[in-house]
Amino acid sequence: MNFVLPGRTRKLVCFLNKGVSFSLLKHLQIPEPQSYYGPYSTSSSKFPEYEMPSVTWGVIQGRKEKLVSRVIICDYLKSISIIPNELEDLELPSTVEVMRERVEFLQKMGLTVDDINEYPLMLGCSVRKNVIPVLGYLEKVGIPRSRMGEFVKNYPQCLHASVVVELAPVVRFLRGLDVDKQDIGYVLMKYPELLGFKLEGTMSTSVAYLVSIGVNPRDTGPMVTQYPYLLGMRVGTMIKPLVDYLVSLRLPEKIVARMLEKRAYILGYNLEETVKPNVECLLSFGIMKETLASVIAQYPQIMGLPLKAKLSSQQYMFSLKLKIDPDGFARAIEKMPQIVSLSQNVIMKPVNFFLERGVGQDEVARMIVKCPQLVALQVGLLKNSYYYFKSEISRPMEELVEFPEYFTYSLETRIKPRFQRIKSKGIRCSLDWFLNCSDERFEERLHGKLIESESRGPSFCMGGKMEPPGCDALSEDGDESDDEIFYRRTVTL
């Protein structure tokens, strides 16, 4: 039975083992040791052989005994291929049995001898006083027992930590950032070094800076869940330089904040080695400098791709198979930068669909440059829209070539209902006129409340609001800031 003696009694243990009488204890007003067994103990009234409550410090030894025990333990560790060199300054247990217990416990968790050799200081942790409390707490916060060995292998320093002083405050900090309780284990598994951070250090400053540039405080929890490494990033050397560079490309700070809320891993892109070279690469392939902000806002991942190889491959394919020159390729990238990540098989399926229906190679190329979203559409959707155009709308094929955006609208919710409305009114108009506008603007056009020329239709910006030609007075963005208008005119896929 393990029990804990009061401080003064514990100091007298070495004397009790030498036969000190109980009269001395009574003289010092110290209770007899048998009382520590409780009222239901069956132990005899004589003082039992002393047993330490923890394997951390073991039996009290003299200097010579400690040296002998250390030699025996080191020989044992060498016999199982563990290198004890780093344990020279570490207090080891008093007996080899205790060390064997520690090694076997770690091996049962799934750690190998090689794992222990990577961080042999874990052998200095008491199983009962250090390891079991720490593992119990980690399991409680959501780390599965089946993956506990993997966690300890990745961050063995946790075994030295105090649950109350070090681990629990970090978990409370994460909960304070709105990290869901069920995601705590996932976050720690992904970035276990968090348990070693000081709350008043990097973690707090990185979050404070992100909030200062416009990140919604309620979104910091999802951001940390997605990319917990941001809590270990220094503001001055990693986060702020990246944000400042994006702002220098004419990306408003508010837009950068929205990008980070959705894709926090952008913070992990290396500014000097990845982001800046990729921006220079875009410029070298003909992307106009004034469109860089739009390209990045639409597809932030483009900053972290091996971009030169991808652009070279896609440009060659566009030139060889689609007969699109480099300038046309650059214009397509400006409108839909996701093209750089599409496989050639995906791109060719819509292309072949149009070619099989008699659309010329040059017309297909013109359609793709004007509306590159075509190459990402499913062939099934293209078929439905195409057959409706041929059977119901019954217009010349040239109209599709002039307005390829037709295929990007929903057949059931926009094309059919609007066409039926203009047909019932007997209105003859272009596809652009009745499709490329909001529901409110369509009603105004339908009832003759708004007369517009068809010489130039609204500009098409992927996923964004439409921009009527030279009609600022009719803009629906009057109450919005420029940053908000810019963001609403971009898309993130």
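With a 10 Å radius around each residue's Cβ, average the other Cβ atoms per peptide and rank 63-72, 265-274, highest first.
265-274, 63-72
Could you report segment 324-380's accessible area per residue, 1.4 Å probe, as an integer in Å²?
Accessible surface, normalised per residue, equals 40 Å².
Students often get this wrong, so check it: of 276/310; 321/370; 323/349; 140/181; 308/370; 349/370, which have C-alpha atoms separated by over 20 Å?
The pairs that break the limit, which is 20 Å between Cα atoms, are 308/370.
Would segment 169-306 count as rounded, prolate or oblate if I go by the C-alpha gyration tensor, calling it rounded below 1.5 in a/c and otherwise prolate when a/b exceeds b/c, oblate otherwise?
prolate
Ordered by residue, what ³J(HN,Hα) values in Hz, to whole numbers, does segment 281-294 give under the Karplus form 6.51 cos²θ - 1.76 cosθ + 1.60, where θ = phi - 60° and Gly and Pro are x?
Values, residue by residue: 5, 4, 5, 5, 8, x, 5, 6, 4, 6, 9, 4, 4, 5 Hz.
Over segment 61-216, with the other protein chains present, what is the accessible area per residue in square angstrom, probe 1.4 angstrom?
Value for segment 61-216: 53 Å² per residue.
Quick one: with all protein chains in place, what share of the accessible area of segment 206-283 is carbon or sulfur, to the nearest percent (1.4 Å probe)?
The nonpolar share, carbon plus sulfur, comes to 53 percent.
For segment 253-269, take each phi angle, set θ = phi - 60°, evaluate the Karplus expression 6.51 cos²θ - 1.76 cosθ + 1.60, and give the result in whole Hz per residue in order, putting x for glycine and proline.
Once θ is set to phi - 60°, the couplings for segment 253-269 become 4, 5, 5, 4, 4, 5, 4, 5, 4, 8, 9, 5, 5, 4, 4, x, 6 Hz.
Under 1.5 on a/c is rounded, so check that first for segment 300-453, then, if it is not, pick prolate when a/b is larger than b/c and oblate when it is not; a ≥ b ≥ c are the square roots of the alpha carbon gyration tensor eigenvalues.
prolate
In segment 98-139, what percent of the accessible surface is made up of carbon and sulfur (1.4 Å probe, ligands and nucleic acids excluded)?
Exposed carbon and sulfur together represent 49 percent of the surface.
If you add up the charges near residue 435, with Lys and Arg at +1 and Asp and Glu at -1, over every other residue whose beta carbon is less than 9 angstrom from its beta carbon, what do you get?
0
The values are calculated or read from the model by the stated rules, or taken from the named source; none is laboratory data. It should be emphasised that the depicted structure is a prediction, and the values quoted were computed from it without experimental measurement. Ideal geometry is used to build each Cβ from the backbone, glycine not excepted, and the neighbour counts take in all protein chains shown. Only protein heavy atoms, including side chains, enter the accessible area calculation; ligands, DNA and RNA are left aside. Shrake-Rupley method; radii C 1.70, N 1.55, O 1.52, S 1.80 Å.
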